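Written below as structure tokens is the structure these notes are about.
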Amino acid sequence: MKEFDYIIIGGGCAGLSLAYELETHNKLKNKTLAIIEPRLEYKRDKTWSFWKTTSHNFEDCVKKSWDNFSINIPNKTKFLECNKLPYQSIDSGLFYKKINSTLKQNQNIKFYKNINEINLNNAFIFNSVPLIDSKENKLWQHFKGIEIETTKDVFDEKIMNLMDFDCQQHDSVHFFYTLPYSKNKALVETTWLSKMNNNLEMDYDEQLKDYIENHLNIKNYKINYKENGAVPLFYPSNINEKNKINIGTAGHMTRLSTGYTFLNIQEHSRFIRENIDNIDKIRRYEIKKKYQFLDKIFLRVLNNHANQMPNIFFKMFDNSPETVIKFLSNKSNIFQDLLIILKVLSVNSQISGVKPEIKTTGASTLHANQLKPLLKPINISQ
């Protein structure tokens, strides 16, 4: 069987992003690369959206960008600006086409459908396939979205709706998400943060139909495209080994509080490319520990007070949009982190009836005893 210098297991977003990063920076000039991917063809199957807090290689794959957004709970709506950190949406079809057309030009890059077709012994492996022991009693962000086209102009294409919580919750966290690509085209998505054990939550088609027809008041439309997925809000069981690095969700590149992964993948790919010559000796890349800690707080509240999460998300945006966006995108400073935590604590204090005591000495200081009730006992790896 053929041997390779590098092997990427999984030719999805993480695997292809890494291959593209290496190829476009001449890191594969005298190296061989195998990509293991079982799909028969690449076609549009995902929409990756994020706040543009850092540069990336795929500006030409952005389907739409927004400088304004809204978030709402029953009877309340916030309209917010994000022109400094626009919200971008990437078309996976354009993404796949761009990368594959580039990779095809290098004869040393080969695609295989089965890992048994090649020799793994002497290669350095990048694995993007998450190892998930069981889905039971674990939190997921699961969703279905449809791109609709209406007979009349009904959407304001300049503003996207990040979260609409004015919907049935079923003791979980549920919201709708609308990305208007034009005045008569939009991606509408139903999203749940839950343990995926309630069949009522999984009836995505009925939820979308009811929301579009009775909430958006759109009766005449056609469906151009469908997508669905599930993002684990826990860390998969993959471990790094001497000759293997996990990437993507398998490499813990998903923010557990948000599900955002795309830009983390791009930064991880950049880190690997910059260190590829000594990849077996360098420290492993990870999302900063403070975000893992803060996500524990989020998951604790989500586990115990799911009914309060719409209010928490809504109250978070009492802060400036830039503060919240940077927190959600791993780019916040300690002061911005503190502002977000205080919003979570303020809602939690309404639940418990205990007003949190916040002491300040010059700069704001958060006392550890305020966080203890939120943090016990939760294991971020479960």
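Taking the criterion of being among the small types (Gly, Ala, Ser) and either outside any helix (DSSP H, G or I) or closer than 13 Å to LEU233 by Cα (or both), the only residue of the stretch 294-324 that qualifies is SER320.
Considering only residues of the stretch 163-198 that are in a loop (DSSP other than H, G, I, E, B), closer than 14 Å to ILE73 by Cβ and of a type in the set (A, V, I, L, M, F, W, C), which is nearest to the chain's Cα centre (by Cα)?
Initially, the stretch 163-198 is screened for residues in a loop (DSSP other than H, G, I, E, B), giving 165-172, 181-184, 195-198.
Okay, now just the ones that are also closer than 14 Å to ILE73 by Cβ, so 165-169.
Still in the list and also of a type in the set (A, V, I, L, M, F, W, C): 165, 167.
Values: PHE165: 19, CYS167: 22 Å.
The selected residue is PHE165.
The lone criterion from (1) polar (S, T, N, Q); (2) modelled with pLDDT of 95 or more; (3) touching an Asp or Glu at 6+ places or on another chain (Cβ under 8 Å) left unmet by ASN121 is number (2). Across the stretch 88-108, a minimum of one residue is classified as of a type in the set (Lys, Arg), touching a helix residue (DSSP H, G or I) at 6+ places or on another chain (Cβ under 8 Å) and either farther than 22 Å from GLY251 by Cβ or surrounded by fewer than 17 Cβ atoms within 10 Å (Cβ to Cβ) (or both). Of all residues assigned to the stretch 35-50, at least one qualifies as being touching a helix residue (DSSP H, G or I) at 6+ places or on another chain (Cβ under 6 Å) and either assigned by TED's automatic domain parsing to the domain that holds THR191 or closer than 30 Å to ASP318 by Cβ (or both).
Among what's in the stretch 133-162 and is charged (D, E, K, R) and assigned to a strand (DSSP E or B), pick the residue that is nearest to the chain's Cα centre (by Cα).
Quick first cut of the stretch 133-162, residues charged (D, E, K, R) only: 133, 135-136, 138, 144, 147, 149, 152-153, 156-158.
Checking the rest, the ones that are also assigned to a strand (DSSP E or B) come to 144, 147, 149.
Details: LYS144: 14, GLU147: 19, GLU149: 26 Å.
It comes out as LYS144.
Restricting attention to the stretch 79-115 and to residues that are charged (D, E, K, R) and in a strand (DSSP E or B), the residue that is nearest to THR53 (Cα to Cα) turns out to be GLU81. Looking only at the stretch 287-300, count how many residues are more than 15 Å from the chain's Cα centre (by Cα) and within 20 Å of ARG270 (Cα to Cα). Here the count works out to 2. Restricting to the stretch 215-240, name every residue that is hydroxyl-bearing (Ser, Thr, Tyr) and outside any strand (DSSP E or B). Correct list: TYR235, SER237. For the stretch 1-38, a residue qualifies if it is in a loop (DSSP other than H, G, I, E, B), in contact (Cβ under 8 Å) with a residue 40 or more places away in the chain and more than 22 Å from ASN121 (Cα to Cα), and the qualifying residues are GLY12, HIS25.
Hey, can you tell me all the residues within the stretch 199-230 that are among the β-branched types (Val, Ile, Thr) and over 20 Å from PRO74 (Cα atoms)? So that I can check it myself, show each step before the final result.
We begin by selecting, within the stretch 199-230, every residue among the β-branched types (Val, Ile, Thr); these are 212, 218, 223.
Listed by number, the list holds a single entry, ILE223.
Evaluate the stretch 274-289: report whether one residue or more is touching a residue at least 24 places away in the same chain (Cβ under 8 Å), in a helix (DSSP H, G or I) and closer than 26 Å to GLY229 by Cβ. Taking every residue of the stretch 274-289 in turn, none turns out to be touching a residue at least 24 places away in the same chain (Cβ under 8 Å), in a helix (DSSP H, G or I) and closer than 26 Å to GLY229 by Cβ. One residue stands out among those in the stretch 220-241 that are at pLDDT 95 or above and among the hydroxyl-bearing types (Ser, Thr, Tyr): the one that is farthest from LEU139 (Cα to Cα), which is TYR221.
In the stretch 194-209, which residues are more than 14 Å from GLN168 (Cβ to Cβ) and among the hydrophobic types (A, V, I, L, M, F, W, C)?
MET196
Looking across the stretch 43-78, the residues that are part of a loop (DSSP other than H, G, I, E, B), among the polar types (S, T, N, Q) and under 23 Å from ARG255 (Cα atoms) come down to THR53, THR54, SER55, ASN57.
Pull up the stretch 157-172, narrow it to residues that are modelled with pLDDT of 95 or more, more than 17 Å from GLU213 (Cβ to Cβ) and not charged (D, E, K, R), then point me to the one that is surrounded by the fewest Cβ atoms within 10 Å (Cβ to Cβ). Full working, then the answer.
Keep residues of the stretch 157-172 that are modelled with pLDDT of 95 or more, which gives 157-167.
Filter once more, keeping what is more than 17 Å from GLU213 (Cβ to Cβ): 157-160, 162-163, 165.
Checking which are not charged (D, E, K, R) leaves us with 159-160, 162-163, 165.
Values: ILE159: 17, MET160: 25, LEU162: 22, MET163: 23, PHE165: 19.
Taking the candidates together, the pick is ILE159.
Condition test on LYS144, is it charged (D, E, K, R) and surrounded by fewer than 16 Cβ atoms within 10 Å (Cβ to Cβ)? It is false that LYS144 is charged (D, E, K, R) and surrounded by fewer than 16 Cβ atoms within 10 Å (Cβ to Cβ).
The values are calculated or read from the model by the stated rules, or taken from the named source; none is laboratory data. Small disclaimer: the values here were computed from a predicted structure and weren't measured. So basically every Cβ, Gly included, is an ideal-geometry build from the backbone, and we count neighbours across all protein chains shown.
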